[in-house]
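Structure incoming, see below.
The values are calculated or read from the model by the stated rules, or taken from the named source; none is laboratory data. It should be emphasised that the depicted structure is a prediction, and the values quoted were computed from it without experimental measurement. Here the Cβ is made from the backbone with ideal geometry for all residues, glycine too, and neighbour counts use every protein chain on show.
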Amino acid sequence: MAQISGFAAMALDSLNPSQLAFIHSLPKAELHAHLNGSIPISELQQMANEYSQTSDNLASDLVREGIAKLKRGVALDEIYDFFNLFPAIYALTSNPANLRRATRAVLEQFLDGDRPQCTYLELRSTPRETAEMSKLDYVQAVLDEVERYPASRASLIVSLDRRMTTRAAQECVEIAHQLKAEGRRVVGVDLCGDPQAGDMGTFEQQFHDAKEAGLGITLHIAETPANPAEEILQLLSYAPDRLGHATFLDDEGKAIVRGNKACIEICLSSNLLCKTVAKLDDHHIRYYLQHDHPIAICTDDTLPFRTSLPGEYALLLASPPLGLGLSEPEQRDSEFAELLDEGDIPFVARLLLHSVPIKAKIR
Ligand code: IMP
Ligand code: ZN
């Protein structure tokens, strides 16, 4: 089990053995995990040590400081502090060998061991062009690792960053399309990055093309109160299959989402630590549970948020104030478990783009 601390760890510690057994027995799907935000700290530390032997002092000091900060545990004053954590990680995963190594460690963290965190992982990552690889090399390297697992266990979503130029975003969608057409395991396209950056109108064509290519669409949306209603409506007009966070949807946005049943990817620790939600009791998960709307419980970035998928489920079950105090679902979605065994990736991915592994109920 991954080393975790903070909200999720406290919730897990408070559970009784039967609740813990229940969480571990659920066929969980991790549908919102960013590759570079989910690398185990031990792997990064090793890479940082190696990096210091080949890089100049200034660069290796910056990386060392960044990794030491992640190791201590980050305290974020607001969501924007979060994005400053990535340059140190990116310095380490900027060549194909280290990117593969990081991807392998992330996959092992979620899928291997006596008690894997999840049954199925839909990993996402933003293609980066560096001195040592093109965006295509990047996605191929990640896919090589993802495809070491059966199709029923792992697949990839290609992320577009809100800061990307239209051309870069277009290139990413073309790569996703091309690789999917070659039979590689790309199942969808995501939009992520600094929630204040970019003009979302520039992505219209890209999401249209992605949809035409049969790729699923998931969008980080309404992550902060500063995201304007027009932007949210514009993103919703791209007909996403799933939504990341969706914390600050207004009534019009909520009506659209409830109408088309787009699944909401819920990341409880992430929202608490980025301070977009003040306390669990205020979390928008309550609204979606009350309306029996599809949700998926996810980690977002296990490294900075020091969480795990069982830890996020513990936040559902633990008694308040440590958790939401939900009852154990009376029924598992047994259909879901059967489908995961089938190994039919397009179908499983499609199902997961619309569905949730469990139906939790408010007590
Ligand atoms: P990568 O795409 O594998 O490089 O994963 C890290 C990247 O994911 C970050 O640089 C951000 O752009 C993005 N990301 C991670 N967590 C969040 C989030 O909560 N909101 C928006 N973007 C995020
Ligand atoms: Zn995210």
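Would you please name the residue that is nearest to ligand 2 (Cβ to nearest atom), looking only at residues in the range 155-202 that are part of a loop (DSSP other than H, G, I, E, B) and more than 24 Å from N227 (Cα to Cα)?
Filtering first and then ranking leaves R185.
Right, here's the next one. Please verify whether P17 is within 22 Å of D114 (Cα to Cα) and within 18 Å of the chain's Cα centre (by Cα), treating the condition exactly as stated.
No: the conditions fail for P17.
OK, next. Of all residues in the range 244-299, count the ones that are farther than 23 Å from G216 by Cβ, small (G, A, S) and within 15 Å of ligand 1 (Cβ to nearest atom).
The number of residues fulfilling the criteria is 1.
For the range 1-35, name all the residues that are buried (at least 17 other Cβ atoms within 10 Å of the Cβ) and within 14 Å of F110 (Cβ to Cβ).
Within the range 1-35, A2, I4, P27, K28, A29, E30, L31, H32, A33, H34, L35 meet the criteria.
To continue, here is another question. For the range 67-89, which residues satisfy the criterion of being over 17 Å from S270 (Cα atoms) and within 13 Å of ligand 1 (Cβ to nearest atom)?
P87, A88, I89, listed by residue number.
Residues are listed down the side, and each one gets a yes or a no for (1) within 16 Å of ligand 1 (Cβ to nearest atom); (2) assigned to a helix (DSSP H, G or I); (3) in contact with a Ser or Thr (Cβ under 9 Å, 6 or more places away or on another chain); (4) closer than 22 Å to T103 by Cα:
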| site | (1), (2), (3), (4) |
| --- | --- |
| L31 | yes, no, yes, yes |
| M47 | yes, yes, yes, yes |
| Y51 | no, yes, yes, yes |
| L58 | no, yes, no, no |
| D61 | no, yes, yes, no |
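Can we say A239 is in a loop (DSSP other than H, G, I, E, B) and either more than 26 Å from C274 (Cβ to Cβ) or away from ligand 1 (no atom under 16 Å from the Cβ) (or both)?
Yes; evaluated as a whole, the condition is true for this residue.
Within the set of pairs 6 or more residues apart or between chains, which connect a residue that is within 18 Å of Y80 (Cβ to Cβ) inside the range 171-199 to a residue that is in a strand (DSSP E or B) and within 16 Å of ligand 2 (Cβ to nearest atom) with Cβ atoms less than 6 Å apart?
L191/L160; L191/L219; L191/H220; C192/S159; C192/H220; G193/D161
I need every pair where a residue in the range 67-89 that is touching a residue at least 40 places away in the same chain (Cβ under 8 Å) and within 14 Å of ligand 2 (Cβ to nearest atom) has its Cβ under 8 Å from the Cβ of a residue that is polar (S, T, N, Q) and assigned to a helix (DSSP H, G or I), sequence separation at least 6 or different chains.
F86/N36
Select from the range 203-231 the residues that are part of a helix (DSSP H, G or I) and within 15 Å of ligand 1 (Cβ to nearest atom) and write down the one among them that is farthest from M164 (Cα to Cα).
Looking at the filtered set, the residue picked out is E231.
For residues that are acidic (D, E) and within 16 Å of ligand 2 (Cβ to nearest atom), scanning just the range 236-289, find the one that is modelled with the lowest pLDDT.
This residue is D241.
Still on this structure, I have one more. How do the helices (runs of 4 or more DSSP H) wholly within the range 80-154 filter down when requiring 3 or more residues that are farther than 30 Å from K275 by Cα and in contact with a helix residue (DSSP H, G or I) (Cβ under 6 Å, 6 or more places away or on another chain): which remain?
Result: 96-111, 135-146.
Something else now. Examine the range 6-28 for a residue that is within 19 Å of R101 (Cα to Cα), assigned to a helix (DSSP H, G or I) and within 16 Å of ligand 1 (Cβ to nearest atom), and state whether such a residue exists.
no
In the range 47-79, what residues are under 20 Å from the mean Cα position of the chain (by Cα) and surrounded by 14 or more Cβ atoms within 10 Å (Cβ to Cβ)?
L70, V74, L76, I79
Select, from L303, L316, the only residue that is farther than 26 Å from T166 by Cα, crowded, with 18+ Cβ neighbours inside 10 Å, among the aliphatic types (A, V, I, L, M) and away from ligand 2 (no atom under 16 Å from the Cβ).
L316
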